[in-house]
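Take a look at the structure below.
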Amino acid sequence: MPNADSGHSGGSHSWIGILVALVLVIVLGTLVGRGFYGERPAEERHLAGASMGTTWSLKVVLPAGAPAAWFEAIRDTVQSRLDRIERLMSTWGSTTELSRFNRSADTTPQRLSPETIEVLSIARHIGERSGGALDVTVAPFVDAWGFGPGDPGGSRDPPSRETLDAMAHLVGPGAFRVDEREGIAAKADPGVTLDPAAVAKGYAVDRAAEGVAGLGATDFAIEVGGEVHARGARPDGSGWRVAVEAPVAGARSVYRVLELRDASVATSGDYRNFFEVDGVRFAHILDPRSGRPVRWEGFSITVIHEEAAIADAWATALAVLGPEEGLEVAEREGLEALFVMRVDGGFESRMTSRMEARTAG
């Protein structure tokens, strides 16, 4: 999760000003909910910004002529919540909570923020359910392949088997423990480092969506770096349309369009972040069990779930498992999952029964 270093903290506003704005927003939101604006039509408004090394966008339905204070409060809430997750969990900034934990040689339990503990707990749970396909202790392998904070970009040489074997003791379910009730995490070895990127972005989407809903908005869609949470409907009553890209490197084309209401969607694939050596593609999605990039090429996995964090985590885990085992696990877990693979002359897709029911409708 690259660090955008946006520095947006709202520090230039006084606390009195913020409290006044929030009171105004709450009052106006209540009046809108009671029909204060009568029959005036709703309109779809758009907001955008940058955080977590990527961009975010929000489409929100507000009454025509809604006060500017409400609109700005929504913008500030999204930005501040995304920035907080970045300050806590980015591995690209030396001052983040997670970076300090990674640098620490202390193997005794350390107290971390509730958000970081929750993300680590989600990752641990899905790691167990997926047979180790998702593991936040994968960070040493990520760095060894050049996909971490020191990513060299361009061409590079794959690490040797000996290099990967030498760090294998730092990766795996026994390398760290997390206790959500106590709010602590502990390393088994001083060299253990964590990379929660497979969960953190989706989690940030969830937290931003909670903030928007808390300000009285009932119909909106928020997207952060490709992960989406949709709530309610558009002004015409239709659901929010989300495009699933075809897994083609260097191009953007739509493979399928999904309509979402009160759901989140996340996609993982090998067609954006990879390097090639002698015609062989090495993608950023690594199998924590082997330390190597996933073996299949030209693919994407899309998962729909109520929570973006869960969709994000499962999309990565299923990408590691592949179209055969991944589909079996997704079916067992009752997931809505779509697997898209490049084949000669086009694409082939497979999906779980729950995703078939959605697309058939």
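Things worth noting here:
- Heavy-atom accessible surface of residue 125, to the nearest 10 Å², is about 100 Å², with a 1.4 Å probe and all protein chains retained.
- The calculated FRET efficiency for residue 113 paired with residue 273, based on their beta-carbon distance and R0 = 22 Å, is about 0.20.
- Helix 197-214 axis, angle to the chain major axis (alpha carbon atoms, nearest 10°): 10 degrees
- Among 56, 79, 91 - extreme Cα towards positive end, dipole of the chain, charges at beta-carbon: 79
- With only Cα atoms counted, segment 233-325 has Rg and Dmax values of 15.0, 51 Å.
- Normalised by 2.2 N^0.38 Å, where N is the number of residues, the C-alpha radius of gyration of segment 52-127 stands at 1.49.
- In the context of the full set of protein chains, residues of the chain present 46 Å² of accessible surface per residue (probe radius 1.4 Å, heavy atoms only).
- Rounded to the nearest 10 degrees, the inclination of helix 308-332 to the longest alpha-carbon principal axis of the chain is 50 degrees.
- On the chain, 50 percent of the accessible area sits on carbon and sulfur atoms, based on a 1.4 Å probe.
- With DNA, RNA and ligands ignored, accessible area of residue 157 (1.4 Å probe; Å², nearest 10): 130 Å²
- For segment 168-250, convex hull of alpha carbons as volume per residue, Å³: 170 Å³
- Seen against the Cα atoms of the chain and their longest principal axis, helix 114-129 is set at about 50 degrees.
- Of the GluC sites (Glu not before Pro) in segment 157-261, those whose Cβ has at most 16 other Cβ within 10 Å and which sit in DSSP loop: 180, 182
- Overall size of segment 138-283 from C-alpha positions, given as principal axis extents largest first: 59, 47, 21 Å.
- Inter-label distance for residue 249 and residue 328, nm, one decimal - labels placed 7 Å from Cα along Cα-to-Cβ: 3.0 nm
- For the chain, the dipole from Cβ point charges (+1 on Lys and Arg, -1 on Asp and Glu) about the Cα centre works out to 620 debye, to the nearest 20.
- Exposure here means at most 10 other Cβ atoms within 10 Å; with trypsin sites (Lys or Arg not before Pro) in a DSSP loop as sites, the longest stretch of the chain lacking them is 35-180.
The values are calculated or read from the model by the stated rules, or taken from the named source; none is laboratory data. Note that the structure is predicted; figures quoted are calculated from it, not measured. In this analysis, Cβ positions are derived from the backbone assuming ideal geometry, glycine residues included, and neighbour counts consider all displayed protein chains. Accessible surface areas use protein heavy atoms only, side chains included; no ligands, DNA or RNA. Shrake-Rupley method; radii C 1.70, N 1.55, O 1.52, S 1.80 Å.
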